[in-house]
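Notes follow the structure.
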Amino acid sequence: MASQGIALQYECPDMTHVKEHHYDICDVATEKKKYDDFPHSRRIELSWKLWIKIICVVGIVSVMSVCISIAVTVLMNKRNDEVAKIWSCENKWILNNGHCYFFGSSKTTWQAAENHCKRLHSHLVTINDVGENLWLKTLMKEFGSSDMWIGAHDDTTEGQYNWVSDGSIVVFTDWDERQPDNTNNEDCIELWNNSNRSTTFYWNDRHCSDILDYMCEK
Ligand SMILES: [Ca+2]
Ligand SMILES: [Ca+2]
Ligand SMILES: [Ca+2]
């Protein structure tokens, strides 16, 4: 009798003649029956799966948040380092276009100059374009220098000039007239002021053992 009574609770007779709220009662009863008919073990299983999904989603979101936070911090620090590098150089170094330059205070050979630059975590200057070349000429005038080593050389293959900083082939050049002439095997390159020609500076190949000013770059 009791089961019959429960079954009757879920019956939904034709209620079209009844007021609207009777339909609501009927809908609730139908949904409750569906829920009660669903196996208990299945409901528990769904509940656990739901919790596992929630934990996974929260975990993934947390890990992603930490990763994004670390990435942003690293990028910001890197950017700050780059900004600091662009806008500042160490004492006695001169800033130009994001690079730092050091004018050697005493004349020396090409290799000794490069060795000194390396001890200062740099190399003899690499001249990449006309702007850098022109800036160096201006600087030489300010320092009163007439001969200055730069980082180009052809001591590996005669006539093939490379930059000592990274071994790359010299592309931009600013040779003086009749240079490079490799007189008695000149393999190191300088910026010089050939007074016979003009008041400005050009490139010349020269004996690496000669004693000149030099410029480091980093
Ligand atoms: Ca350069
Ligand atoms: Ca040469
Ligand atoms: Ca020469």
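The values are calculated or read from the model by the stated rules, or taken from the named source; none is laboratory data. If you're wondering where the values come from, they're calculated on a predicted model, not measured in any experiment. Reconstructed Cβ throughout: ideal geometry from the backbone, glycine too, with neighbour counts over all protein chains shown.
Of everything listed in (1) assigned to a loop (DSSP other than H, G, I, E, B); (2) under 27 Å from the mean Cα position of the chain (by Cα); (3) of a type in the set (S, T, N, Q), the single unmet condition for Ser106 is (2).
The condition (being surrounded by fewer than 20 Cβ atoms within 10 Å (Cβ to Cβ) and either within 15 Å of ligand 1 (Cβ to nearest atom) or among the acidic types (Asp, Glu) (or both)) is satisfied by just one residue among Lys118, Lys218, Lys107: Lys218. Could we say that Phe172 is in contact with a Leu (Cβ under 7 Å, 6 or more places away or on another chain) and touching a residue at least 24 places away in the same chain (Cβ under 8 Å) here? No; evaluated as a whole, the condition is false for this residue.
Within the range 140-162, being buried (at least 19 other Cβ atoms within 10 Å of the Cβ) and touching a residue at least 40 places away in the same chain (Cβ under 8 Å) holds for Met140, Ser145, Asp147, Met148, Trp149, Ile150, Gly151, Ala152, His153, Asp154. When we screen Ser122, Ser168 for residues that are modelled with pLDDT of 95 or more, in contact with a Cys (Cβ under 7 Å, 6 or more places away or on another chain), among the small types (Gly, Ala, Ser) and more than 14 Å from ligand 3 (Cβ to nearest atom), the only hit is Ser122. The single residue among Trp175, Trp192 that is within 22 Å of Ala112 (Cβ to Cβ), of a type in the set (A, V, I, L, M, F, W, C) and assigned by TED's automatic domain parsing to the domain that holds Thr108 turns out to be Trp192. Applying the criterion of being surrounded by fewer than 18 Cβ atoms within 10 Å (Cβ to Cβ) and more than 14 Å from ligand 2 (Cβ to nearest atom) to the residues of the range 179-195, the residue that is modelled with the lowest pLDDT is Ser195. Here the range 196-206 is the region considered, the condition is being within 15 Å of ligand 2 (Cβ to nearest atom) and touching a helix residue (DSSP H, G or I) at 6+ places or on another chain (Cβ under 9 Å), and the residue that is nearest to Leu139 (Cα to Cα) is Trp203. Against the test of being acidic (Asp, Glu) and farther than 20 Å from His123 by Cα, the options Asp176, Asp154 yield a single qualifying residue, Asp176.
For the range 148-165, the condition holds for at least one residue, the condition being that it is more than 11 Å from ligand 3 (Cβ to nearest atom), in contact with a His (Cβ under 9 Å, 6 or more places away or on another chain) and not in a strand (DSSP E or B).
Cβ-Cβ contacts under 8 Å between residues 6 or more apart (or on different chains), taken from a first residue in the range 108-130 that is within 18 Å of Thr156 (Cα to Cα) to a second residue that is at pLDDT 95 or above and in a helix (DSSP H, G or I), are listed as His123/Glu114; His123/Cys117; Leu124/Trp110; Leu124/Ala113; Leu124/Glu114; Leu124/Cys117. Exactly one residue among Asp147, Asp154, Asp205 is touching a Pro at 6+ places or on another chain (Cβ under 7 Å) and either in the same structural domain as Glu114 (by TED's automatic domain parsing) or within 26 Å of Cys89 (Cβ to Cβ) (or both), and that residue is Asp205. Scanning the range 189-218 for residues that are outside any loop (DSSP other than H, G, I, E, B), more than 10 Å from ligand 3 (Cβ to nearest atom) and touching a Lys or Arg at 6+ places or on another chain (Cβ under 6 Å) yields Leu212, Asp213.
Looking only at the range 163-178, residues that are within 33 Å of the chain's Cα centre (by Cα), within 16 Å of ligand 2 (Cβ to nearest atom) and surrounded by 11 or more Cβ atoms within 10 Å (Cβ to Cβ) come to 4 in all.
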